[in-house]
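Structure record follows, encoded as structure tokens.
Just so you know, all these numbers are worked out from the coordinates, no wet-lab data involved. From a predicted model like this one, the values you see are computed outputs, not experimental measurements. Reconstructed Cβ throughout: ideal geometry from the backbone, glycine too, with neighbour counts over all protein chains shown.
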Amino acid sequence: MDNLLTDELMEKTFLFCWKKISDKEDAQDLAQEIIIDAMLVLRSGKKIENFYGLFWQIAHNKVVDFYRKKRPAKINLDDMENSLLGFDKSIGDYIKQEELDLLSKSMARLANIHRDILVHYYIKNQSVKEIASALKLPLGTVTSRLSDARKNLKENFETMENQNEKSENKSKIVDFDLEFYGNANQAWKAISSLIDRQILFACREKSQTISRLASQLGIPQLFIEDSITKLVRANVLFEEKKGKYLTDFTIFPKSVIRKAEEIDREICAKLKVTERFFEILNGMKQDFLKEDFYGNDFDWEYLLPYFIIRADREFGMKEGGNYLREKYGKGLPDRFWRNFYLSGQYEDEPEKVEEHTAPLIGPGYNYEIYNIPQYGHIEVHNTINTMSYEKNGHSYTLDLDRLHWLNGFNAPLYLELIKNPKKTLTEKEEVLAADMMNNGVLVKTSAGYKGTVPVISFALVDKWCKIWQEKFKSLSIEYHDALYKAEEKIVLPYIRHELLWASFWHVIPVGDRKSLDSKLMQYAIENNMVRFAEGKNASCVAMVLLKE
């Protein structure tokens, strides 16, 4: 791939776009789209007879699409083309006329602010004062940028000249998957391209300058500047030192993830964690059912999935996580400043093909928040996230959209109907009720409407959480201490010191990790502890509505 997507091709692509659409910023964006599309074609594994023919066809199609969407303004290209295609010898004695090709590539790797300064100073022959006026910048800023631009251009030029752009000096393209927890929409949107992920991967262990990234990745600097800005704004990349950027989350090899999960299974089996967890939880059955909440007359097997996943939050994140932080994390910086957590996982070795195993249900805990005038703050919780599970040799599927079966529009009606089952409905309410019945949220009986989703107060859940923390404390500490010690040499070498507590639970099942959730739920299914109304839309088990 590196032999095909050369700097020369990338630069020609940019110049092609620039000449075609006559706008520098649009040309940069379009060239980046063409390069990414070409990368994806190469990564697809499809046999390509004539890559360059295909490449320029992609480029042509992108330009045609651009003109269909936007009619660009015409501008003079002379100065712009000169800024990339050549300089006179006044730029420095180290540049010779026959070296303009390398210089062109060196210029392409400069930051926009540095490239523009050089164009004004050497091509337009403007003074520092004139540049400051044209760019509306302080004199000191122009002087500083000009000095940095000269330095960076010389370094880029000499590096490319000495190394002759050997392909072995370029980083191999490595893609990775992302796992998010919490309010991660902005981060998810920011990490939108393969170039974004290449930047984050290259900066995962130590900070890098933009110039160094361009050299490492073999991508002209103008293609990555916008990505850097976007990733910093999304709090997934940060400027550790002036001009040097560091990825703000951990990216693990998948072989480490698989090894960590294998160790977790071994420890769970050795300590009989699952069996002991259910012994404690089922022992609390009567205490739960005597509480005053809608659904306390439902079958225990129907209610149990919610209690499994909700209790596991206290078992893991509260007791296990707090214990590990107290024992092993003293003095470490706390990076839990964001309202989301994330990790990356890349394939570093072929995954072994194993015999079929039953798909596990989990991980738990999706929820939506609504503010309804007549009820105030309510939350709809869905503690089953994965779509499939097995029971008695048969596969069953649940619907992920069930989290939205109760929402801000129909939840008020649901709450009214569980209080007044024979309420006379308006035409609009009949539509809402029919939709809830279709999803199994509501059923109609001879006594009127009946809800199938428990309704629990926040105060009662808080009470239960405190009880779970106390009941599970001893088992949680035993399990997580054994797990930490076993995983210490496997997982910790891949986590930067300051990211330990923001990364650890993406590999070890503390808090939101899916592994323990899955094992607990699958164990309950296999041992007939829980009841599912089987079928895609038939079950609301583990959906809970919390209200003030």
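Annotations for the structure displayed:
- Chain lengthening between Asp481 and Gln216 when straightened (0.36 nm per residue, less Cα-Cα): 91.4 nm
- Region 443-483 and region 269-302: distance between their alpha carbon centers, rounded to Å: 8
- The calculated FRET efficiency for Glu498 paired with Arg233, based on their beta-carbon distance and R0 = 22 Å, is about 0.60.
- Net length available on complete extension from Asn438 to Glu275 is 55.0 nm, with 0.36 nm assigned per residue and the Cα-Cα distance removed.
- Computed lengthening from Phe298 to Thr445, 0.36 nm per intervening residue step minus Cα-Cα distance: 51.4 nm
- In nm, spacing of pseudo-spin labels at Asn527 and Leu194 (7 Å Cα→C-beta vector): 4.8
- Listed peptides 522-530, 136-144 by packing density, highest first (mean Cβ within 10 Å): 522-530, 136-144
- Between Ser207 and Leu40, the simple spin-label model (points 7 angstrom out along Cα→Cβ) gives 3.4 nm.
- Listed pairs Lys285/Lys318; Lys206/Lys241; Lys151/Lys242; Lys318/Lys489; Lys12/Lys62; Lys485/Lys519 exceeding 19 Å between Cα atoms: Lys285/Lys318; Lys318/Lys489; Lys485/Lys519
- Relative to its residue count, region 199-312 spans a Cα convex hull of 196 Å³ per residue.
- The label-point distance for Glu240 and Lys254, in a model that sets each label 7 Å from Cα toward Cβ, rounds to 2.7 nm.
- Most to least packed among 127-133, 307-313 [average Cβ atoms within 10 Å]: 307-313, 127-133
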